[in-house]
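Read the structure below first, then the notes.
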Amino acid sequence: MKKLFLLLLPGMVFLAGEAKAQFQKGTAHWGATVSAEGTLNNFETYESNRLKTDLHTITPSVQFGKFFKDNSLFGVKLSPSFNYYKSDLKGPNSDDEYKSNNTNISLILFARRYKFLSEKWAVFLEPSVNLSYYHGKNTASDDETSNGYGGGIYIRPGIVYRISPRFAIESDLNVLSVNLQYYHMKDWDTFHFNAGATSGIQSYFGLRASWYLTKSN
Amino acid sequence: MKKIILLSWLFTACSITIGFAQLEGKKFVSATVGLNFNNTNQDDYPTATNYGYNIDASFGKFKTANKASGFNIGTSLYGQKATVYPDGTREKFEGITGFGVNTGYFWQRYKHFSDKFGIFGGPHVNVFYSYSKLLPNQSSDNLLHRQHHISPQFGVSAGAYYALNERWWLTASLGFVNLLYVSYTIDKGEPWGTRNTTKTKTFDYKLSPNLTLPSVSLGLRYFFKD
């Protein structure tokens with residue numbers, strides 16, 4: 001499957017010569033996506049011990065951008081992630097509860113350069129700066145909180161399919177990604193430095209709904 | 001692999017649409033059938049046998065040349081003959097270890113590139129139910145597990161077809177998005193031969209706008225005479 005995309009990509013670029021379509025200067029861009037996941041678990045033994053666990057994660061993301069010249073835009077993306085976990089053990093000899101609540105908020109400033117392959121398809125390259133704030137809270141017998149912040153730089157290509165002139169579906173391809181990351185946690189002071197480039201492609205891509213609004217349409 | 005490259009190339013490049021008027025009103029069926037049997041003979045161990053089948057069929061109808069919808073239904077059954085070793089003693093097990101049923105409805109829109117070849121895609125809803133029994137030697141905690149699993153799903157899938165002749169199409173799946181997935185599982189585990197059951201109920205949900213590229217699975221579709 002990876003091979004397929006690597007083979008396709010030059011093909012797409014080759015096709016680009018014929019394309020006439022473009023995003024005009026002044027066009028506004030909106031994009032949004034959400035993913036959510038969760039598990040509720042209830043475990044009972046014959047000795048009447050009961051363990052209940054709840055796990056929920058939700059990650060919405062919205063972005064806004066404006067084309068400062070044809071096919072080039074500046075944008076900002078807000079992408080929080082909320083994670084909630086609770087476990088509750090009850091039994092003849094035990095009664096334990098544990099909760100954890102983590103929030104990660106990322107603010108991403110990005111620029112994009114689009115290249116149209118046909119009327120419907122376009123690819124883009126997106127360099128971005130990522131600032132993130134992390135807040136975690138664990139509750140067992142005592143409350144324990146941790147805070148952190150981080151920053152990173154990413155470059156990722158993506159692909160856009162225009163369903164109508166105003167509406168499109170897009171995906172970040174992550175074919176080549178470079179990221180630098182620094183993390184600082186208040187309580188246990190860690191420092192992460194992490195830089196990498198990969199030519200690996202995942203077998204699934206996150207999809208985002210996006211709108212391109214010009215004044216004329 | 002070559003075929004997908006070709007298909008995707010055309011998907012990107014082509015914009016020719018040819019009227020496919022003769023498809024309107026046509027009914028079709030496609031099915032996959034699987035049968036399996038395996039037998040394991042290992043030194044110092046008794047013979048183990050597994051057997052099972054699965055059948056999935058979908059029935060559809062073209063409303064217009066570019067639109068079709070229909071339903072699918074599927075069933076599977078598995079059994080085995082094995083020896084288990086609870087507490088070091090040998091015991092025979094023989095019987096059904098699993099069965100499943102599923103049904104759903106799909107809507108497809110078509111884009112015909114030529115009279116032979118085109119792509120299709122659209123949403124589907126499905127409900128799966130399965131029952132399975134895991135013998136102690138197959139489960140990680142050495143318990144006998146009985147599991148009921150029910151899962152409604154909503155997604156979007158895409159594929160391509162190649163018309164071999166008027167009656168038969170070759171189809172290939174190109175990708176799918178499982179937008180919403182919900183499942184409920186009841187699992188009962190017990191040490192072999194006791195009634196000391198532990199019971200686990202699990203509810204899972206997943207909202208994931210992800211495009212998954214599957215390994216291409218090929219199918220055949222047969223068109224009924226009017």
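Observations
- Legend: ranking of residues A:Ile163, A:Ile105 from fewest to most surrounding C-beta atoms inside 10 Å; resulting order A:Ile163, A:Ile105.
- Between the listed residues B:Gly193, B:Ser139, B:Asn54, the Cα displaced farthest toward the positive end of the dipole of the range B:2-223, a dipole computed from Cβ unit charges relative to the Cα centre, is found at B:Asn54.
- Residue exposure proxy: B:Thr83, B:Thr89, ordered by other Cβ atoms within 10 angstrom of their Cβ from fewest to most, comes out as B:Thr89, B:Thr83.
- Rg/Rh for the range B:102-200 (Cα atoms only, Rh after Kirkwood) is 1.24.
- Rough spin-label spacing in nm, given labels placed 7 Å along Cα→Cβ, for A:Leu109 and B:Asn50: 5.6
- Spread over its residues, the convex hull of the C-alpha atoms of chain B is 153 Å³ per residue.
- Proximal aspartates and glutamates to B:Lys201, defined as alpha-carbon separation beneath 14 angstrom and excluding residues fewer than eight positions away on the same chain: A:Glu44, A:Asp54, B:Asp187
- 0 to 90° range, to nearest 10: angle between helix B:2-13 axis and chain B longest Cα axis: 40
- Shielding of A:36-46 by partner chains, average beta-carbon count, 10 Å: 6
- Per-pair calculated FRET efficiency, R0 = 30 Å: B:Thr32 and B:Asp226 via Cβ, rounded to 0.05: 0.75
- Hits among aspartates and glutamates - C-alpha to C-alpha of A:Lys215 under 18 Å, sequence gap 8 or more where chains match: A:Asp70
- Candidate lysines for bridging to B:Lys26, where Cα separation is under 17 Å - those fewer than 8 sequence places away on the same chain excluded: B:Lys61, B:Lys63, B:Lys67, B:Lys111, B:Lys116, B:Lys225
- For a label point 7 Å along the Cα-to-beta-carbon line of A:Asp142, residues of the range A:82-102 with backbone N under 16 Å: A:99
- Inter-chain Cβ neighbour count for B:196-203, averaged per residue, equals 5 (cutoff 10 Å, partner chain atoms only).
Computed from the coordinates by the stated procedures, all read-outs in this text should not be read as laboratory data. Just so you know, these numbers come straight off a predicted model, no measurement behind them. All Cβ positions, glycine included, derive from the backbone under ideal geometry; neighbour counts span all protein chains shown.
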